[in-house]
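For reference, the structure discussed in these notes is given below.
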Amino acid sequence: MAYIDTKEIVKKYKFRFTKSLGQNFLIDDEVLDDIIKGADISKDDFIIEIGPGIGTLTKMLLTSAKKVCAIELDKDLIPILQDELKEFDNLELLNKDALKVNFNEIIGSETSVKVVANLPYYLTTPMISKMLTEDFNFKSLTIMIQKEVAERMASKPDCKAYGALSLLVQYYCDVSIVRRVSPLSFIPQPKVDSIVIKLDKLKEPRVKVKDEELFFLIIRSSFNMRRKTLWNGLKTLKLSKEDYDKVFVEANIDPKRRGETLSIQEFGNLSDVIFKYR
Ligand code: SAM
């Protein structure tokens, strides 16, 4: 027995899916249960849901949390959500682009803030970057995303999937995989496998660096050309030849290594040494 008969609702309101908005709606109760369990929601929590669709996950969030703010871009879904969720008085529904909202304005004085979402795939990376870098005070993000992107976020040095996204996410959060999800759990079915991933925000970033902007610039430059050594990748930083030599000696890092072999601590150390010479 399904919690919500998604197909029935789609039919009832004659809803037409918009592919470009990544509309793949969940129809699998076991996955819904695992998202709610994985997100560890209590009656103290203020939940932000990005892209509620027809409200399948929203309904479960409304029952478990203190309040839910659901942000949906598709205006055709708003009357459906209002109708289907009318029994709840703890829902705030915003017809907005989640990429353009100010999360701190939405949460006001709430302190126990958790984000839960089955994210449209096109939105995953910009959305995560926005939430991590905008000083938005959340406790955790529990999100369904494309399998490959989840693997990049959770990846460690020397793994194929390790890169700038792994370091961005792991700088701010602990990462854990909640479960894998097959395309059969959605209508319409996406072409790719998905993973529910949980990001728990750390109290302080994982490494302390003198200049965050420089730290991330070094990371991006190191991964821009994957097969290049750090020596070549970091030439864009425009240090003098002498300083460039000194940097690698002082940071105790072999310039012939490639970016994908460096731990986040090594990137932090390299960035602080380069900071001195800029
Ligand atoms: N939560 C529902 C579920 O699990 O069945 C729907 C998930 S569906 C993958 C993604 C939802 O995000 C769609 O309802 C889509 O309209 C909405 N969406 C797409 N782009 C958005 C944006 N920029 N801001 C807010 N919502 C967006």
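The values are calculated or read from the model by the stated rules, or taken from the named source; none is laboratory data. Worth saying up front: this structure is predicted, and the values here are computed from it rather than measured. Glycine gets a Cβ as well: all are built from the backbone with ideal geometry, and neighbour counts include every protein chain shown. Please note that ligands, DNA and RNA were not included when accessible areas were found on the heavy atoms of the full protein model with its side chains. Shrake-Rupley method; radii C 1.70, N 1.55, O 1.52, S 1.80 Å.
Given contacts defined as C-alpha pairs under 8 Å and at least six residues apart, what's the relative contact order of the chain, whole-number percent? Each step should come with its number before you reach the end.
Numbers: 457 pairs, mean separation 43.0, N = 278.
Normalised by residue count, the contact order of the chain is 15 percent.
So with the 1.4 Å probe, I'd like the accessible area per residue for the range 212-277, rounded to whole Å².
It amounts to 55 Å² per residue over the range 212-277.
Using Cα centres only, tell me the gap between the range 95-166 and the range 1-46 in whole Å.
What the calculation gives is 19 Å, centre to centre.
What share of the DSSP beta bridges in the chain is antiparallel, in percent to the nearest 5? The partial results should precede the final answer.
Working: 18 of 36 bridges.
So the antiparallel bridges in the chain amount to around 50 percent.
What is the local net charge at Thr142, summed over the other residues whose Cβ is closer than 15 Å to its Cβ (Lys, Arg +1; Asp, Glu -1)? If you can, show how the numbers build up before the last one.
On the way: positive: Lys37, Lys114, Lys139, Arg179, Arg180, Lys198, Lys201; negative: Asp33, Asp34, Asp40, Asp45, Glu49, Asp174, Asp200.
Around Thr142, the surrounding residues sum to 0.
For the cross-link pairs Lys147/Lys228; Lys66/Lys198; Lys96/Lys130; Lys130/Lys208; Lys37/Lys191, which exceed 24 Å when the distance is taken from alpha carbon to alpha carbon?
Numbers: Lys147/Lys228 27 Å; Lys66/Lys198 20 Å; Lys96/Lys130 15 Å; Lys130/Lys208 21 Å; Lys37/Lys191 26 Å.
Over 24 Å Cα-Cα: Lys147/Lys228; Lys37/Lys191.
Per residue of the range 179-195, in order, report the coupling 6.51 cos²θ - 1.76 cosθ + 1.60 (Karplus, θ = phi - 60°) as ³J(HN,Hα) in whole Hz, putting x for Gly and Pro.
Values, residue by residue: 5, 8, 9, 7, x, 5, 7, 10, 10, x, 6, x, 7, 10, 7, 10, 9 Hz.
So if I take the centroid of the Cα atoms in the range 240-278 and the same for the range 169-208, what is the distance between those two points in Å?
30
Quick check: the angle from helix 264-277's long axis to the longest principal axis of the chain, C-alpha only, nearest 10 degrees?
In the chain, helix 264-277 runs at an angle near 50 degrees to the longest axis.
Using a 1.4 angstrom probe, figure out how much accessible area the range 1-63 has per residue, in square angstrom, rounded to the nearest whole.
Details: 3190 Å² over 63 residues.
Heavy-atom SASA per residue in the range 1-63 reads 51 Å².
Round to a whole number: what % of the accessible area of the range 6-201 belongs to carbon and sulfur, probe 1.4 Å? All intermediate terms of the calculation are to be shown ahead of the outcome.
Working: 4320 of 8820 Å².
Carbon and sulfur atoms account for 49 percent of the accessible area of the range 6-201.
Work out the length of the dipole vector of the chain about its Cα centre, built from +1 on the beta-carbon of each Lys and Arg and -1 on the beta-carbon of each Asp and Glu, and round it to the nearest 20 debye.
Values: 44 positive and 42 negative charges, 231 e Å.
I would put it at about 1100 debye.
With the Cα gyration tensor of the chain giving a ≥ b ≥ c as the square roots of its eigenvalues, does the rule (a/c under 1.5 for rounded; else a/b larger than b/c for prolate; else oblate) give rounded, prolate or oblate?
Numbers: a/c = 2.68, a/b = 2.14, b/c = 1.25.
Prolate shape, in that a/c is at least 1.5 and a/b is the bigger ratio.
Ranked from highest to lowest mean number of other Cβ atoms within 10 Å per residue, what is the order of the peptides 203-214, 140-151, 179-190, 159-170? Please report the intermediate quantities before stating the final value.
Working: 203-214: 12.8, 140-151: 21.7, 179-190: 14.7, 159-170: 19.0.
Ranking the peptides 203-214, 140-151, 179-190, 159-170 by packing returns 140-151, 159-170, 179-190, 203-214.
Assuming 0.36 nm per residue, please report the length gained on full extension of the stretch Lys43 to Glu87 beyond their Cα-Cα distance. Present the calculation step by step, with values, prior to reporting the outcome.
Working: separation 44, 0.36 × 44 = 15.84 nm, distance 1.75 nm.
Value of the extension gain: 14.1 nm.
Where in the range 1-101 are there GluC sites (Glu not before Pro) that are in a DSSP coil and have at most 14 other Cβ atoms within 10 angstrom of their Cβ? Please list the in-between numbers first.
Working: sites: Glu8, Glu30, Glu49, Glu72, Glu84, Glu87, Glu92; in loops: Glu72, Glu87.
Answer by residue number: Glu87.
Just to be sure I understand the model, the point goes 7 Å from the Cα along the line to the Cβ. What's the resulting Arg227 to Leu184 distance in nm?
About 4.0 nm, to one decimal.
Name all residues of the range 121-140 having a backbone nitrogen under 16 Å from the label point set 7 Å from the Cα of Glu212 along its Cα→Cβ direction, giving them as ranges.
128-139
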